[in-house]
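The values are calculated or read from the model by the stated rules, or taken from the named source; none is laboratory data. What you are looking at is a predicted structure, and each value in this text was computed from that prediction instead of being measured. Here the Cβ positions follow ideal geometry from the backbone for every residue, glycine too, while neighbour counts run over all protein chains shown. Only protein heavy atoms, including side chains, enter the accessible area calculation; ligands, DNA and RNA are left aside. Shrake-Rupley method; radii C 1.70, N 1.55, O 1.52, S 1.80 Å.
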Amino acid sequence: MVWSKGKASPQFGSCTRSSVIFLSVIFGFMISGGALAHGSTGGTCPSGANYLNQSGQMVTLANMGITSCFYVSKANGSDSNSGTSESSPWQHLPGTETTCTGNCASANPGPGQGYILRGGDTWPNSDLGIYWHPSWSGNATNPIYIGVDQSWYNSSVCGSGWCRPIFNCQGQICADVGNTGNMFFLAQWGSHVVVDNIEMTGLHTTTGQAFAYVKDYGSNNVYQQLYLHGWSHSSTSNGDWDNAYVYSSNSGSNSCLHDSIIDGSDTTQDMLVALFAVVPCAYRNWIGYTTNGMEAVGWNIHDNTFGPIMTPFSGITHQNHLFHFGPDAGQTAEFIYNNFIFVTNLGSASGGAVSLWLNGNEGSNATAYSFNNLIYDVGPGNILNTSGHNSIEYGGYVIFNNTFECGTDSNPGGCDSGNAASGPMGTYASANNHYINNNGSTPVYCYTTYNPCTITTNLIQSISTANGQGYSSGSLYPFSPQNANGGTVGAGTNQTSVCNTIAGLNAAAGAACQNDTTLGVAENTANHTVSSTRTPNPRPGSGAWDAGAYEFSAADPPPNPPTGLTAVVN
């Protein structure tokens, strides 16, 4: 894999690195006599419908296929306890290799088991990292659950209401998982495991090693409602600013991160990649105050908020909001939609800041479908890029109904930052996009290598024209139409047939295509959860669509009221 311009990828899903880690783990099993058979039975699970399923509904653990539960409390537990009730919890989660003893150490997680962590308890550096063995797996019907009971919490920490359990490396280096030189909070080798509602903080890096909150080596795992923050560094060299990351998975894993907060606002705001190397699926995540949002292959990236992106302590300014390398594990289509991308904070530095780059590194014949994305107030450089730098095929592109402010509010630049790969290319189709730049000039994306290339019904406006019609970053929904007279209203062509094609490939993406943008998600800073930003408006089944990410509706909330007014009494 090519990682970025001229860089070799530190992708840990590569044969060499992952083979080393895998052999280390297998060797450990051989020394210990091999994994024990599953069969231990936990106690009764929490009964409340407080658990988020993959359809976005709140259900019970029983509905998720969890049939028995073990309980874990750092403050009140003992590994010699049975672990089968909240009154007799273990102190450690299985996989806590350095400190898990007694009944915790003999546990063999299997299908249908839940592991409930007491809210507000903290597992410190000495209990981390945790690795979940390959044999500790659920199945599609009965996964393993690692998470919470929102009625069980440490009131001295949480107060009168539940708060998340905490994994805290305390600004130190977490344990070396598998003696591989990789420092992880959680290394997941099992499959069909749900990790839910945990706070992870205190990651600290030094030069030349890989540091991460979560590395997924299994498959079909789900990471949801996590709060990940509080990282730091001691080195000021180039060695670790882009090797540290929050989440990465294995190629072909079909694992997913969703409804989570990755927030560096409580850090020095000068390091860390949020989504790295391989991310098959990421949706409804809020990602801000990192130096890179996503640098990874993947195929299902939607309803995320990326921004602001910050300058790394290395001083390098080739930063990325959403750098999509290409498809994962032979996927023939990718879906990048409803993402909200804003603010590149590079100070006075200039550089190739990437806002949205589709199929940017990986050779393939996959088609990237990209729609309902909003980009505004971003740094100079690569606003919208397609394909990469090598003489290989990068697939096709269907890019429609996006809104792009091509630069900062005060000084928008040009929008013509597409790449011209020298290898054979697939279809390039661009329609109904709203481009806002410095002079209203037409972006150029039709290169001779695309076959065929069609550009229709895009609206290109200068910043002054757009602002004059009410399209601005100061609106409640940035660059949305404020009335029926806006230039985007009715300016597009009907894309229902494209939506039908998408629906045949991915039902959720096809349904989203029939509506305008959700505008990503917002962060509730009180409890660090995500919430919906806006209710999307439907696109018409027949007749003209609006251009851009929005479909005007008189029912939308009104624009923000004017400020700084002075009352005059006559």
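Of note:
- The HN-Hα couplings worked out from phi for region 128-139 by the Karplus form 6.51 cos²θ - 1.76 cosθ + 1.60 (θ = phi - 60°) are 10, x, 10, 10, 9, 5, x, 6, 8, 10, x, 9 Hz, whole numbers, x standing for Gly and Pro.
- Distance between the pseudo-spin-label points of ASN142 and SER126 (7 Å out from Cα toward the beta carbon): 3.7 nm.
- Under 13 Å, Cβ to Cβ, from CYS281 - net charge with Lys/Arg +1 and Asp/Glu -1: -4
- Burial order of peptide ranges 366-374, 108-116, 384-392 (average beta-carbon count within 10 Å, highest first): 366-374, 108-116, 384-392
- Counting Lys and Arg as +1 and Asp and Glu as -1 over every other residue whose Cβ lies under 13 Å from the Cβ of GLY147, the net charge comes to -2.
- Distant-in-sequence amide contacts of TYR145, defined by a placed amide H-H separation under 5 Å and a gap of 5 or more residues or a different chain, comprise GLN113, GLY114, TYR115, VAL194.
- Point-to-point label distance, THR465-THR101, nm (Cα→Cβ direction, 7 Å offset): 7.4
- Taking Cβ atoms as reference points and 13 Å as the exclusive limit, the residues near SER87 contribute a net charge of -1, counting Lys and Arg as +1 and Asp and Glu as -1.
- For region 278-320, a Kirkwood radius taken over Cα pairs fed into Stokes-Einstein (4 °C, viscosity 1.567 mPa s) yields D = 116 µm²/s.
- Modelled label positions at ASN411 and ASN485, each set 7 Å beyond Cα in the direction of Cβ, lie 3.3 nm from each other.
- Alpha carbon centroid spacing (whole Å) that separates region 144-163 from region 435-484: 47
- Note on THR41 and THR60: the extension gain reaches 5.0 nm, defined as 0.36 nm multiplied by sequence separation minus the Cα-Cα distance.
- Gained length - ALA503 relative to SER441, 0.36 nm times residue gap less alpha-carbon distance: 18.9 nm
- Here the 3J(HN,Hα) profile of region 290-302, calculated from phi with Karplus coefficients 6.51, -1.76 and 1.60 at θ = phi - 60°, is 10, 8, 8, x, 9, 9, 6, 6, x, 9, 9, 10, 8 Hz, Gly and Pro shown as x.
- Accessible area in square angstrom per residue, region 514-553, 1.4 angstrom probe: 38
- Difference of contour (0.36 nm per residue) and Cα-Cα distance, ASN76 to ALA555: 167.2 nm
- Each principal axis of the Cα atoms in region 261-366 has its own extent, and those three values, largest first, are 40, 26, 19 angstrom.
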